Amino acid sequence: MPKERSDHLFTLIKSLRKSEKRYFKVKNKAQPNEDTKYLLLFDALDKMEDFNEELVIKKNDWINPRQFSNLKAHLYKKVLQSLKEYTASSNDEVHIREQIDYIQILFDRSLYQQSMQLLQKVKKAIKKSENLELQLEVLKWEKNLLPYSLSKNHLDTVRKIVSEANTINERISRVNQLTNLTAELNAIYVKTGYIRNKEDHDHIRNVFLNQLPEWNEDEFSFREKLLWYDIQLSYYSFIQNFEEVYRYARKWVDLFRDTPNSAYYLEMYIKALNQLLNAQARLSKYTEFQDTHRILRNLANHRLIQLNENLQIRLFKYSYAHQFNGYFMVGDFKKGVSLLQRIEERLEGYIGMLDKHSELVLFYKIACLYFGNENYRKALKWLNRIINSEDQDIREDVHSFARIINLITHYELGNRDVIDYYIRSTYRFLLKKDDLHAFQQYILEFLKGLSREITNDELIERFKRLREQLMELSESKYDKRAFVYFDIISWLESKIYHRPVGDVIREKALKKVS
């Protein structure tokens, strides 16, 4: 059987809603003089479950294999054009860009009065937008049309336009500085995760302080405040100061009491809710967490909100990730696993649409839920999806701790014959990633010592000794990051006191949550 391949055109067509497909067909069938083979190809691809180029050509003898690539490119362009027109009616920024294109066309034909009339309409529409780049584009056209709209107040008009352009340029420069820093901090986090040592801490602090001028937050626009809060909580997340993360996430969410109505700001609102939920989970604010999670879930069913695919995927990802976090907070692994089993088929469908970072974190959460419920073989399945991943430079910390839990899971399953192999493999990985710290060393040495036969009393003493070592690390500024990933102390206590690990975690959790 021919190997199935992914295809951008096929993926694009499969992403279309029924109404978008109908619009595409109606729009394109209204052009009878055009070669409509691309419409036949659209129908052929739409009917396929999985893309297979050889099968498409074989089943449709009207396709010339040598022209298939050009035919696909033509159809791809047609679908994008259709989507642009379809979206313009519901997306203000797409509509404004389209109108600016029309201004250009009219101007090029020396129809200056028509250009100016359309420009005035665009100016009214853009007042609601925080898109500085579009505002600057409109001002550019105002300057282009100045020679064709002379009046007795011409000099005042010019000065006003120049002043507006200078103000917007300053704001764009500030936004660029903020987004540049956001991108750099995010790239570091996606690679390594939380800080591991003083060197990491100093590096992040230098990046943060050296690139962030001393601005007055009160002078910021709505958009600038969004970026400012995003940067602040990113920094405090790095250094694991979750009280400050919570403070800035709360400020970020509170900005949206009067949120502008656009897809861009809805995406930022969803992101803000996600950050607030992360902080509430870290600080065991369970009641607040439940309220915020309810707000997030309700967005998906809000009758006044139209969600594109990007927002639907984000809501799916965050809704379930935080539902899992809620189970972690109270140690209810049984409910977490029950949810996983109900949504597993749907979950697999969404996984392919997630970015690699989100995919990796989701795999880790699922593995930990199964481990907490003592479904060790299921936990191994998800851990192996991390360990066997080719993207080992993404969230090296998650890769490291996945290997640690993998070792512990094999111990629980009684797979003593493979533990030595995995210990050596884990040592090599941690050394390669410069992530062999006290936490990992203690656990590896502990597991290494279990390879020979020992009495039950000696085993309990080893569990207790490891627990004491790790309890000291849990108070360390840098080593405490390990306990964000996995509650190994509760696992040790479950072994010492012969109790299910879920019961130990649940008992502790219920004392902490508020």
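From 90, 82, 69, grab the single residue that is on the phi < 0 side of the Ramachandran plot, of a type in the set (Gly, Ala, Ser), exposed (fewer than 12 other Cβ atoms within 10 Å of the Cβ) and assigned to a helix (DSSP H, G or I). Write out each step before concluding.
Working: 90 fails: assigned to a helix (DSSP H, G or I); 82 fails: exposed (fewer than 12 other Cβ atoms within 10 Å of the Cβ).
Just a single option satisfies the conditions, and that option is 69.
Residue-level check: of (1) part of a helix (DSSP H, G or I); (2) surrounded by 14 or more Cβ atoms within 10 Å (Cβ to Cβ), residue 121 misses just (2).
Summed over the stretch 378-423, residues that are assigned to a helix (DSSP H, G or I), over 19 Å from residue 336 (Cβ atoms) and either of a type in the set (Ser, Thr, Tyr) or in contact (Cβ under 8 Å) with a residue 60 or more places away in the chain (or both) total 7. Can you find even one residue in the stretch 431-448 that is without any contact (Cβ under 8 Å) to a residue 12 or more places away in the chain, among the hydrophobic types (A, V, I, L, M, F, W, C) and outside any helix (DSSP H, G or I)? The answer is yes; a qualifying residue exists.
All conditions but one from (1) touching a residue at least 12 places away in the same chain (Cβ under 8 Å); (2) among the hydroxyl-bearing types (Ser, Thr, Tyr); (3) under 27 Å from residue 24 (Cβ atoms) apply to residue 69; the one that does not is (1).
The criterion of at least 1 residues that are under 29 Å from residue 200 (Cα atoms) and in contact with a Phe, Trp or Tyr (Cβ under 9 Å, 6 or more places away or on another chain) is met, among helices (runs of 4 or more DSSP H) falling completely within the stretch 459-512, by 482-485, 488-496.
Selection of first residues in the stretch 498-514 that are among the charged types (D, E, K, R) and of second residues that are part of a loop (DSSP other than H, G, I, E, B) and surrounded by 13 or more Cβ atoms within 10 Å (Cβ to Cβ), restricted to Cβ pairs under 7 Å at least 6 apart or on distinct chains, gives the following pairs, ordered by first then second residue: 506/331; 506/332; 512/284. When the stretch 338-353 is filtered for residues that are surrounded by fewer than 19 Cβ atoms within 10 Å (Cβ to Cβ) and within 23 Å of the chain's Cα centre (by Cα), the ones remaining, listed by number, are 339, 343, 344, 345, 346, 347, 348, 349, 350, 351, 352, 353. Against the definition (buried (at least 21 other Cβ atoms within 10 Å of the Cβ) and either touching a His at 6+ places or on another chain (Cβ under 6 Å) or closer than 22 Å to residue 279 by Cα (or both)), how does residue 366 come out, yes or no? Here the answer is yes, as residue 366 does meet what is asked. For residue 74, the conditions (1) assigned to a helix (DSSP H, G or I); (2) modelled with pLDDT under 90; (3) closer than 28 Å to residue 89 by Cα are fulfilled apart from (2). Test residue 129 against the criterion of being over 42 Å from the mean Cα position of the chain (by Cα), modelled with pLDDT under 85 and surrounded by 14 or more Cβ atoms within 10 Å (Cβ to Cβ), and give yes or no. The answer is no for residue 129. Note on the stretch 213-238: residues that are under 22 Å from residue 193 (Cβ atoms) and outside any helix (DSSP H, G or I) amount to 0.
Residue 144: closer than 30 Å to residue 256 by Cα, part of a helix (DSSP H, G or I) and out of contact with any Asp or Glu (no Cβ under 9 Å at 6 or more places or on another chain), yes or no? Taking the combined requirement at face value, the residue does not satisfy it. Just a yes or no: is a residue in the stretch 444-460 surrounded by fewer than 18 Cβ atoms within 10 Å (Cβ to Cβ), of a type outside the set (Val, Ile, Thr), at pLDDT 85 or above and more than 27 Å from residue 282 (Cβ to Cβ)? Scanning the stretch 444-460, I find no residue that is surrounded by fewer than 18 Cβ atoms within 10 Å (Cβ to Cβ), of a type outside the set (Val, Ile, Thr), at pLDDT 85 or above and more than 27 Å from residue 282 (Cβ to Cβ), so the answer is no. Please determine, by comparing only the residues of the stretch 132-146 that are among the charged types (D, E, K, R) and at pLDDT 90 or above, which one is farthest from residue 95 (Cα to Cα). Here the answer is 143. Taking the numbered list (1) under 30 Å from residue 395 (Cα atoms); (2) touching a residue at least 40 places away in the same chain (Cβ under 8 Å) in turn, residue 176 passes all entries but (2).
Residues in the stretch 177-202 that are out of contact with any Leu (no Cβ under 8 Å at 6 or more places or on another chain), surrounded by 15 or more Cβ atoms within 10 Å (Cβ to Cβ) and aliphatic (A, V, I, L, M) were compared, and the one that is farthest from residue 437 (Cα to Cα) is 185.
Within the stretch 406-417, identify whether any single residue is surrounded by 18 or more Cβ atoms within 10 Å (Cβ to Cβ) and within 26 Å of the chain's Cα centre (by Cα), and answer yes or no. Within the stretch 406-417, one or more residues are surrounded by 18 or more Cβ atoms within 10 Å (Cβ to Cβ) and within 26 Å of the chain's Cα centre (by Cα).
Could you run through the stretch 73-96 and say how many residues are in contact with a His (Cβ under 9 Å, 6 or more places away or on another chain) and over 29 Å from residue 135 (Cβ atoms)? Show your work before the answer.
Narrowing the stretch 73-96 to residues in contact with a His (Cβ under 9 Å, 6 or more places away or on another chain): 76, 87-89.
Checking the rest, the ones that are also over 29 Å from residue 135 (Cβ atoms) come to 76.
Result for the stretch 73-96: 1.
Within the stretch 196-210, residues that are of a type in the set (S, T, N, Q) have Cβ atoms under 6 Å from residues that are at pLDDT below 80 and outside any helix (DSSP H, G or I) in these pairs: 197/478, counting only partners at least 6 apart in sequence or on another chain. Inside the stretch 134-176, residues that are farther than 30 Å from residue 238 by Cα, of a type outside the set (Phe, Trp, Tyr), surrounded by 12 or more Cβ atoms within 10 Å (Cβ to Cβ) and within 38 Å of the chain's Cα centre (by Cα) make up a count of 12.
The values are calculated or read from the model by the stated rules, or taken from the named source; none is laboratory data. What you see is a predicted model, and the numbers here were worked out from it, not measured in a lab. We place every Cβ from the backbone using ideal geometry, glycine too, and count neighbours over all the protein chains shown.
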